[in-house]
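One structure below.
Readers should treat all values here as calculations from the given coordinates under stated rules, not as data from a laboratory. Only a predicted model underlies this, so the values are computations on that prediction, with no experimental measurement involved. Please note: Cβ atoms are built from the backbone with ideal geometry, for glycine as well, and neighbour counts cover all protein chains shown.
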Amino acid sequence: MKDAKGYSIELETDKVEFLEQMAKAHGLSDVGKAVRCLINYARENPDRHADIFDEIRCLDC
């Protein structure tokens, strides 16, 4: 991985479980890879930024 830097984030159990399921379903090595895929998708699709980031979602409220 080029110029990689570790970063720790806190996620609710449901979110971690979701990422674990997605990693498994898509043959990804781990949750970190799933997160990197999501970030890459957002970076490669600037036209989707509003869809991804503008709406405030609270699935746990």
Open item on the list: Quick one: 3J(HN,Hα) in Hz for the stretch 47-55, Karplus 6.51/-1.76/1.60 with θ = phi - 60°, rounded, Gly and Pro as x.
Closed with: 5, 9, 4, 4, 4, 7, 10, 6, 7
Open item on the list: Need one number: nm distance between label points at Tyr41 and Lys24, each 7 Å from Cα along Cα→Cβ, rounded to one decimal.
Closed with: 1.9 nm
Open item on the list: Cut-off 10 angstrom, C-alpha nodes, Gaussian network model of the chain. Which of Asp30, Asp47, Asp14 fluctuates the most?
Closed with: Asp47
Task: Shape of the stretch 6-61, Cα gyration tensor, a/c cut at 1.5 - done: oblate
Open item on the list: Between Glu55 and Tyr7, what is the label-point separation in nm under the 7 Å Cα-to-beta-carbon projection?
Closed with: 2.4 nm
